[in-house]
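Asks: Please read through the structure below; I'll follow up with questions.
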There are 2 protein chains.
Amino acid sequence: MAALKYSKQRESIKTYLMKTKEHPTADTVYMHVKEEFPNISLGTVYRNLNLLADIGEAVKISTPDGGDRFDGEVKPHNHFYCRCCGKMIDLKMDSIDHIDEMASRNFDGLIESHSILFYGKCGDCIKKS
Amino acid sequence: MAALKYSKQRESIKTYLMKTKEHPTADTVYMHVKEEFPNISLGTVYRNLNLLADIGEAVKISTPDGGDRFDGEVKPHNHFYCRCCGKMIDLKMDSIDHIDEMASRNFDGLIESHSILFYGKCGDCIKKS
DNA sequence: GTGGGTGCAAACCGTTTGCACACCA
DNA sequence: TGGTGTGCAAACGGTTTGCACCCAC
């Protein structure tokens, strides 16, 4: 049930997510998609972002400063978040999937996944300070 | 400037945080501290929780489902979060501080810390399903 | 035609903040 | 007494939702 129907708005949101590296907020997605669909509403953007995240075609990344970010790259990877300017970037690093097993020792439950967010200052913010 | 003055409300909040293992939300802290100070306000709880986090006497942990959690244990450790019932527990695992160095390779910026949140189902929720 | 998707606006919820008063130092 | 801290309530910002209409199937 709840068969998924095509919508050009969702298509546009997904296309934008897949081509950008910005890890945009919902509002940023809204502003970009609005160029193509001037009448689109923020509610529609939220509905579709959550939908895409639910069906695994996007990733939702929560930040400590409020305002979730979305990423069209769904392959597991880690992120760096600059607490100074809010920029979020992908990190290239060796696989550390073994930490799930490390974590599950002495623990009654099932770990399905993990998310690592690295905090600090990005290069630009270091230069400015 | 802004010299820290004693307040029994803050004292009570910190005492509660240090003895509980529940990783409470601000609202849960509010309800508990209210038993001792019936007139305390939620705003005061938030102000003090943020203050304690700022001076390093508490830790703020953001969850993907909204509603930050607070922890009186400030020694670095990792957490498991049950997306089924919202329970958060401490994980005992070997140090993985070396991941910061791994992450900083090929990256222009400074990693100050990281936070790992493991997701899944806790033992209780597995039994119930 | 039917049921999911959209636009709009109101509601929601966790959190912050302005203000007058209270209290530590 | 001077300057933090508190209680209260209003405001805030991100997100969700109810509803009437629209459109893919």
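Asks: What spacing in nm lies between the two simple spin-label points modelled at residue B:35 and residue B:94, each 7 Å away from Cα in the Cβ direction?
Replies: 4.1
Asks: Would you please give the FRET efficiency between residue B:108 and residue A:4, computed as 1/(1 + (r/R0)^6) with r the Cβ-Cβ distance and R0 = 41 Å, to the nearest 0.05?
Replies: Result of the calculation: an efficiency of 0.50.
Asks: Solvent-accessible area per residue for the protein assembly as shown at a 1.4 Å probe radius, Å²?
Replies: 59
Asks: Let me ask something else about it. Under the 0.36 nm per residue contour assumption, what length would be gained going from the current alpha-carbon distance of residue B:84 and residue B:27 to full extension? Intermediate results must be reported in sequence, preceding the final value.
Replies: Values: separation 57, 0.36 × 57 = 20.52 nm, distance 1.95 nm.
Net length gain for the segment: 18.6 nm.
Asks: Let me ask you something else. Compute the distance from the alpha-carbon center of the range B:56-129 to that of the range B:12-35, in whole Å.
Replies: 19
Asks: Along Cα→Cβ, 7 Å out, is where each label goes; now give me the distance between the ones at residue B:11 and residue B:74 in nm to one decimal.
Replies: Label at residue B:11, label at residue B:74, 1.9 nm between them.
Asks: Here's something else I'd like to know. Note down the magnitude of the dipole of the range A:76-129 about its Cα centre, charges +1 on Lys and Arg C-beta and -1 on Asp and Glu C-beta and zero elsewhere, to the nearest 20 debye.
Replies: Roughly 640 debye for the range A:76-129.
Asks: I've got another one for you. Mean shadow of the range A:11-68, computed from the convex hull of its alpha carbons, in nm²?
Replies: 3.9
Asks: Just to confirm the numbers: residue A:5, label point 7 angstrom along the Cα-Cβ line, distances to the other copies in nm, shortest first?
Replies: Spelled out, the distances from residue A:5's label point are 6.2 nm.
Asks: I've got another one for you. Within 10 Å of each Cβ in peptide B:64-75, how many partner chain Cβ atoms are there on average? Round it to a whole number, please.
Replies: Counting Cβ atoms of other protein chains within 10 Å of each residue's Cβ and averaging gives 1.
Asks: Moving on to the next point. Grab the alpha carbons of the range B:63-129, take their convex hull, and tell me the volume per residue in Å³.
Replies: 128
Asks: Further question: Using the alpha carbon gyration tensor of the protein assembly as shown, what are the three equivalent-ellipsoid semi-axes (square root of 5 times each eigenvalue), largest first, in whole Å?
Replies: 33, 22, 22
Asks: Give the share of C-alpha pairs in each 5 angstrom bin for chain A, from 0 to the last occupied bin, in whole percents, shortest bins first.
Replies: Whole-percent P(r) values from 0 Å outward: 2, 9, 18, 18, 17, 14, 11, 7, 3, 1, 0.
Asks: Related question: For the range B:38-50, take each phi angle, set θ = phi - 60°, evaluate the Karplus expression 6.51 cos²θ - 1.76 cosθ + 1.60, and give the result in whole Hz per residue in order, putting x for glycine and proline.
Replies: Couplings: x, 9, 4, 10, 4, x, 5, 4, 4, 4, 6, 4, 5 Hz.
Asks: On the protein heavy atoms, probe 1.4 angstrom, tell me the percent of accessible surface of the protein assembly as shown carried by carbon and sulfur. Before the final figure, lay out each step's value.
Replies: Numbers: 7820 of 15300 Å².
Answer for the protein assembly as shown is 51 percent, counting heavy atoms of protein chains only.
Asks: Tell me which lysines have Cα within less than 29 Å of residue A:34's Cα, excluding those fewer than 8 residues away on the same chain?
Replies: Correct list for residue A:34: A:5, A:8, A:14, A:19, A:21, A:60, A:75, A:87.
Asks: Which one, A:53, A:40, A:63, projects farthest toward the positive side of the charge dipole computed for the range A:8-73 from Cβ point charges (K/R +1, D/E -1)?
Replies: Highest projection toward the positive end goes to A:40.
The values are calculated or read from the model by the stated rules, or taken from the named source; none is laboratory data. If you're wondering where the values come from, they're calculated on a predicted model, not measured in any experiment. As a convention, Cβ positions derive from the backbone with ideal geometry for all residues, glycine included, and neighbour counts pool all protein chains shown. Ligands, DNA and RNA are stripped out before the accessible areas are found, and what is left, the full protein with its side chains, is counted by its heavy atoms. Shrake-Rupley method; radii C 1.70, N 1.55, O 1.52, S 1.80 Å.
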